[in-house]
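Q: Here it is: the structure, laid out below.
The values are calculated or read from the model by the stated rules, or taken from the named source; none is laboratory data. Predicted model, so just to flag it, every value in this text is computed and none were measured. Positions of Cβ are backbone-derived with ideal geometry, glycine not excepted, and every protein chain shown enters the neighbour counts. Protein only, heavy atoms only, side chains kept; ligands, DNA and RNA dropped before computing areas. Shrake-Rupley method; radii C 1.70, N 1.55, O 1.52, S 1.80 Å.
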Amino acid sequence: VEVAPGAVHVPGWLSVERQRELVGACRAWARGPVPMRRMVLPGGGVMSVRTVCLGWHWQPYRYSRTAGDVNGARVAPFPDRLADLGRAALAAAYGEGDEDGGAGSYAPDAALVNFYDGAARMGMHQDKEERSGAPVVSLSIGDSCVFRFGNTVSRNRPYTDVELVSGDLFVFGGPSRFAFHGVPKVFPGTADPAVGLRTGRLNITLRETGLAS
Ligand code: MD3
Ligand code: FE
């Protein structure tokens with residue numbers, strides 16, 4: 001379902017088995033070398049979402065290889081199988097075409113793994129630290145949420161609210177890549193217990209940073 005130009009929602013893309021595997025992987029990634037934590041914004045505010053990064057560490061608002069804001073450790077490497085998953089996701093959303101910028105040449109090198117408890121929210125923002133216009137791949141697991149997809153001009157209306165359910169894929173490319181977006185609400189207790197998350201929502205986003213080495 002194309003929600004806006006370049007923004008494609010593929011409900012139920014991940015099998016329950018694949019979701020279970022990803023939940024297990026997220027549990028391991030959350031333990032370190034850089035533990036999952038609530039990010040502190042430059043103004044001192046603390047985010048309600050908990051985040052751990054792979055490949056590149058993101059701290060508001062820049063990428064680095066080490067987590068100077070957490071424990072100084074080097075971030076875990078970006079797993080090859082997440083790059084494969086990202087290419088499969090692009091092929092599912094946009095088709096198998098081998099045109100320039102097609103799925104086969106997608107080379108994500110950073111993942112942000114976000115965990116939402118029932119009270120967590122993410123305010124409207126743009127992701128613009130990447131030096132690449134390549135699409136962002138988003139995978140949702142666990143509790144459902146309201147995802148708010150906005151415009152490229154401001155965090156305010158017009159926007160479209162979409163319910164994201166466990167297993168859903170969302171790809172943001174083209175003109176949608178720099179749209180404002182956020183998560184105003186999570187619905188606690190809506191997850192299928194079979195995915196292995198008792199409560200809460202996981203979101204895995206894959207990105208090309210465009211940064212060297
Ligand atoms: C549209 N995550 O990690 S996923 C984020 O559900 C983030 O945790 C939300 O926003 C979450 O930055 C929303 C959907 C998403 C992710 C990245 C995007 C939409 C995007 C980047 C550009 C445009
Ligand atoms: Fe974002």
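Q: Just for strands (runs of 3 or more DSSP E) wholly inside region 1-78: which have at least 1 residues that are within 16 Å of the chain's Cα centre (by Cα)?
A: 7-10, 37-40, 46-54, 57-59, 62-64
Q: Among the residues of region 200-213, count how many are out of contact with any strand residue (DSSP E or B) (no Cβ under 7 Å at 6 or more places or on another chain) and away from ligand 1 (no atom under 16 Å from the Cβ).
A: Selection size over region 200-213: 2.
Q: Can you tell me which residues in region 119-143 are farther than 30 Å from residue 104 by Cα and either open to solvent by 30 Å² or more (accessible area, probe 1.4 Å) or polar (S, T, N, Q) (or both)?
A: Passing the criteria: 119, 121, 122, 123, 124.
Q: Please state which of the following conditions residue 34 fails to meet, knowing it meets all the rest: (1) at pLDDT 95 or above; (2) loosely packed, with under 15 Cβ neighbours inside 10 Å.
A: (2)
Table: residues versus (1) of a type in the set (Ser, Thr, Tyr); (2) on the phi > 0 side of the Ramachandran plot; (3) open to solvent by 10 Å² or more (accessible area, probe 1.4 Å).
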position: 147; (1), (2), (3): no, no, yes
position: 153; (1), (2), (3): no, no, yes
position: 156; (1), (2), (3): no, no, yes
position: 169; (1), (2), (3): no, no, no
position: 174; (1), (2), (3): no, yes, yes
position: 195; (1), (2), (3): no, no, no
position: 206; (1), (2), (3): no, no, no
position: 212; (1), (2), (3): no, no, yes
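Q: Another one. Only one residue in 74, 65, 81 is among the basic types (Lys, Arg), more than 13 Å from ligand 1 (Cβ to nearest atom) and in contact (Cβ under 8 Å) with a residue 40 or more places away in the chain, so which one is that? Reasoning before the result, please.
A: Working: 65 fails: in contact (Cβ under 8 Å) with a residue 40 or more places away in the chain; 81 fails: in contact (Cβ under 8 Å) with a residue 40 or more places away in the chain.
Result: 74 is the single residue among 74, 65, 81 that is among the basic types (Lys, Arg), more than 13 Å from ligand 1 (Cβ to nearest atom) and in contact (Cβ under 8 Å) with a residue 40 or more places away in the chain.
Q: With the requirement that a residue be of a type in the set (Lys, Arg) and more than 12 Å from ligand 1 (Cβ to nearest atom), what does region 135-184 give you?
A: 155, 157 - these are the residues of region 135-184 that are of a type in the set (Lys, Arg) and more than 12 Å from ligand 1 (Cβ to nearest atom).
Q: Restricting attention to region 102-118, report how many residues are surrounded by 15 or more Cβ atoms within 10 Å (Cβ to Cβ) and touching a helix residue (DSSP H, G or I) at 6+ places or on another chain (Cβ under 9 Å).
A: So the answer is 8.
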